[in-house]
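Taking it in order: structure first as structure tokens, then the write-up.
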Amino acid sequence: MPADAAPVAAVIGGGPAGLMAAEALLGQGVAVDLYDAMPSLGRKFLMAGKSGLNLTHAEPLEIALARFGAAAAALAPMVRAFPPEAIRAWADALGAETFVGTSGRVFPKEMKAAPLLRAWLRRLRAAGLRVHVRHRWTGWDAAGNLMFTAPGRPVSVKPAATILALGGASWPRLGSDGAWAAWLAARGVAVAPFQPANCGFEADWSDVLRARGAGQPLKGVALSVGGAMASGECMVTDHGLEGGPVYALSGPIREAIARDGAARLAIDLLPDIDLAALAARLAAPQGRRSLATHLKRTANLAGVKALLLREGATAADVADAGRLAARIKALPVTLLRPRPIAEAISTAGGVAWESVTDGLELRASPAVYLAGEMLDWDAPTGGYLLTAALATGRWAGLAAARRC
């Protein structure tokens, strides 16, 4: 497409942040061309929703904002402008009626992402959205035009405003590979290095635990590291630990590894019983029963929990009821490193907040706006990732519309 036929506004990236930016622009009467490198839009969105699309969370807004940690203050105006109840109303208007699960997470009643995405794209196209797939953005040329590689030809456009919504660096096979970081850094934009977030971590398991415990769920446990805590169900894997509570603690675990070379995680295998009561139960005469049988009968502790309890334990640790109870209530596990970033659900790092204005416009590149995971924020799973992606997309789209 020649530069003199450039659209009014260009959105690069067809995930939730980019689509919401396009919706905001269209709603303000701005024509929009949306570009995506993949053959279809919303691939990571669809993958995230395969087992149940967690749109947002129904907890009080102040609690939800605190989940964003160091980025909470920067994100607060955007999330307040498009809070969880607005996300639910938006989904309902697309025919994806929502409900609140027992954990406070919000899901469409159909649970899947595909019906919502199809309805959203129909509405956007009806409003005039022009979609260009298989267009991979490769930066700017010397004249400031956006450059794309497309099937059979290069493409160059110069819109009145550009919104970049290219994601972080996790799940690169679905389109977010973080290649944009080098192009923005070359323009003087501060970009914090990407780190895996909401990810598994590696531990140096024994051969016995790998052979007998890998693939087994640790149900009803509580994890803590550096004063941060999370509970639920996680999974023992061949390489270490995965699952919701581990993902929720990925930030402090990463920080401990960076600071100390390893993170010391404590797992409460039986959080529903206090230490003294557990010690009393374990002090019951064992007789000729094996330790495994004794643990099962007195504390209902068996399977992978019992295997993990014995991992690295000394004879003295299991011979004394008090020491054994203390170990059950705070089982030490050393985590050595995060799993590769390509496996992570999301990434920390990205464009520093001081590099953008309050309207998410790049200070180094006027009329270029950012949205979604390109910005340096992090959040646990539970609907927070989508909440911030949608809120920043809408915020950037409205800011770009004002310029147009």
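The table below lists the values:
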item	result
Residue match in segment 386-404 (condition: of a type in the set (G, A, S), in contact with a Ser or Thr (Cβ under 9 Å, 6 or more places away or on another chain) and in a loop (DSSP other than H, G, I, E, B))	no
Strands (runs of 3 or more DSSP E) (entirely within segment 140-193) containing at least 2 residues that are touching a Lys or Arg at 6+ places or on another chain (Cβ under 9 Å) and surrounded by fewer than 22 Cβ atoms within 10 Å (Cβ to Cβ)	146-150
Helices (runs of 4 or more DSSP H) fully within segment 273-315 counting 2 or more residues that are modelled with pLDDT under 90, in the same structural domain as A222 (by TED's automatic domain parsing) and not polar (S, T, N, Q)	291-299
Residue count, segment 243-263 (criterion: surrounded by fewer than 19 Cβ atoms within 10 Å (Cβ to Cβ) and either outside the structural domain of T334 (by TED's automatic domain parsing) or in contact with a Ser or Thr (Cβ under 6 Å, 6 or more places away or on another chain) (or both))	1
Matching entry among M78, M111, M147 (being hydrophobic (A, V, I, L, M, F, W, C) and on the phi > 0 side of the Ramachandran plot)	M111
Residues that are in a loop (DSSP other than H, G, I, E, B) and within 16 Å of V236 (Cβ to Cβ), drawn from segment 194-208	C199, G200, A203, D204, W205, S206
Filter pass, K305 being over 25 Å from D260 (Cα atoms) and touching a residue at least 60 places away in the same chain (Cβ under 8 Å)	yes
Selection count, segment 176-216, where residues are within 21 Å of the chain's Cα centre (by Cα) and not aromatic (F, W, Y)	15
Subset tally (residues that are in contact (Cβ under 8 Å) with a residue 24 or more places away in the chain and either farther than 25 Å from S51 by Cα or assigned to a strand (DSSP E or B) (or both)) for segment 83-116	6
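The values are calculated or read from the model by the stated rules, or taken from the named source; none is laboratory data. Just so it is clear, the model here is predicted, and its values are computed rather than measured. Cβ coordinates were reconstructed from backbone atoms using ideal geometry, including for glycine residues, and neighbour counts include every protein chain displayed.
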